[in-house]
1. Has the stretch 466-482 got any residue that is of a type outside the set (Asp, Glu), surrounded by fewer than 22 Cβ atoms within 10 Å (Cβ to Cβ) and under 16 Å from Ala522 (Cβ atoms)?
2. Looking at (1) in contact with a Ser or Thr (Cβ under 9 Å, 6 or more places away or on another chain); (2) of a type outside the set (S, T, N, Q); (3) under 30 Å from Glu267 (Cβ atoms); (4) crowded, with 17+ Cβ neighbours inside 10 Å, which is the only condition Lys447 fails?
3. Looking at Val229, Val200, which one is outside any helix (DSSP H, G or I) and within 16 Å of Ala107 (Cα to Cα)?
4. Residue check: is Ser31 at positive phi and loosely packed, with under 13 Cβ neighbours inside 10 Å?
5. Looking at this structure, is Ala373 closer than 30 Å to Arg460 by Cβ, assigned to a loop (DSSP other than H, G, I, E, B) and not aromatic (Phe, Trp, Tyr)?
6. Just to be sure, is Asp523 surrounded by fewer than 21 Cβ atoms within 10 Å (Cβ to Cβ) and either within 30 Å of Ala233 (Cβ to Cβ) or not β-branched (Val, Ile, Thr) (or both)?
7. Restricting the stretch 188-216 to residues that are in contact (Cβ under 8 Å) with a residue 40 or more places away in the chain and among the acidic types (Asp, Glu), which is nearest to Ala122 (Cα to Cα)?
8. Name the pairs whose Cβ atoms lie under 8 Å apart, with the first residue in the stretch 411-424 and of a type in the set (S, T, N, Q) and surrounded by 14 or more Cβ atoms within 10 Å (Cβ to Cβ), the second at pLDDT below 90 and not in a loop (DSSP other than H, G, I, E, B), and 6 or more positions between them or separate chains?
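The values are calculated or read from the model by the stated rules, or taken from the named source; none is laboratory data. Only a predicted model underlies this, so the values are computations on that prediction, with no experimental measurement involved. Cβ atoms come from the backbone with ideal geometry, glycine included; neighbour counts cover every protein chain shown.
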Amino acid sequence: MIANFDFLKPDYPAVWTRRLQMMQRMRRDPSCVPIMKAYYKLHPWQFVEDWGVTYDPRNVGKGLPATIPFIPFPKQIDLMQWIVDHWKRSKDGLIPKSRDTGVSWNAIALSCTLCLFYDGMAVGFGSRKEEYVDRLDSPKSLFYKARVFMENLPREFRGGWQRDKHGAFMRITFPESGSVITGEAGDNIGRGDRAAIYFVDESAHLERPNLAENALSATTDCRIDLSSVNGPATVFSTKRRTWPAEDVFPFHWRDDPRKTQAWYDAELERKGPVVMAQEYDMDENASVSGVVIPNEWIQAAVDAHIKLGIEPTGMRRGALDVADEGKDMNAFAGGVGILLEYCEAFSGKGSDIYKTTERAFTTCDDMGYVQFAYDADGLGAGVRGDAKKINEAREAATPKQRTVKVVTFRGSAAVINPEDKIVTIDNDPAERDKEERLNKDYYANLKAQAWWSLRFKFLRTYRAVKLGHPVTNPDDLISISGRIPNLQALTMELSQPTYSLNGAGKMLINKQPDGSKSPNMADAVMIWAAPAEVEAKGFFD
């Protein structure tokens, strides 16, 4: 990647000058061309950076030329490397993506590059509509992008390619290498020739995805589905939930250095929360009813303490959610006062509770947490004894090591303050009635009560940040540090749980609607943010 390139204030003339200098040196010494080609064959992402272009007519309104150098940002380079790795290992892959992050350009630029430098390469592209794959006069079509990419390369790398001869409708050929990129649409996806790589564009929006599943199984050994999300019930969504993490490459708007929080806030005002949650935050539950914490509230809470000028104070503490059997993940969350500053998920494979507990202690040491709570239901019950052993060993060590207070949280327990009236917030869209109900009559268990308490923290924060409501008690809010490395995954998990009422009219929390993966990081946050009364009344012990 070009060092210190400013994607917010791009200096494209400097890039064009650099490319011109490279081309002049290459033409003064043509013997270097075969060496460059050999290098680019193994490093196609470098070829894209050195010579590729993109085209976007919207740039004109921003004072930029429509055709600009393709300068991949770090996540785009990672994506190209990931695709090549899956191709070489004959593995399928999935790319859930925010809109307008350049993923389609990535796929096209990489495909053209591979076809230039590998003999007999075949790449396929399919989408639900023909116009998305190829329309000769439409910049949004994939093959229009390919023609722009090819015709702007130096002649030394085009391999004799000419637009009028080799850029036919739905078929782009590469005369020197004998390679080809073909396109298909609708129910015909996968019915064409065999392909080394086959990209299914906007896979979550296919009208009859099962037809594509059957056809593509015999077409390629490397199928790459890329799509914005379209609810939790699609084949694409099922793959996203069930495939190994190494085969899913989420591409979020926060991975795009051209997009800032200010950009997001402006788009939110223009497009509304549902569109932004689904199209940009990749929230499959954006239009699902009964979401406990809407995505819009979560986004407002990112760095809310900074936005509101609040200094987080209070205990430095953490929370551990212990993995269930199988592929589930452990998770640890922590912070100070209202600020969630740390959250990570780590493998729960093997169900080694002692190692999980040791890791929680190490995290507390690193982050300065004086205590952590843990989910004591299910497999987490073993943490208590392991934590006692670790603390005893620390007490006996020479010199003595700092111990960590470890407390339990049981979501299956009865509610706290059972005889108190339920807490309500005026105009909360989830309030269904005006009758005065008691906690014991409203919540099915402590988990439901704790999730609802967390919901209120996010709602109060949203109203303070977005609606300008006065903050009467900062401790009633929540702020999520924008520096958490896996912030995207965390925000998606937080908006996953839904609520409903059981036969007795009590609230239940469904953490895994439509078979989604367990939101372990979100569970850890819920435990971390549980009401103070939980510990004060002995539900932490």
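1. yes
2. (3)
3. Matching residue, one of Val229, Val200: Val200.
4. no
5. Values: closer than 30 Å to Arg460 by Cβ: yes; assigned to a loop (DSSP other than H, G, I, E, B): no; not aromatic (Phe, Trp, Tyr): yes.
Here the answer is no, as Ala373 does not meet what is asked.
6. No.
7. Asp193
8. Here the result reads Asn417/Asn439; Asn417/Glu533, each pair linking the stretch 411-424 to a residue that is at pLDDT below 90 and not in a loop (DSSP other than H, G, I, E, B).
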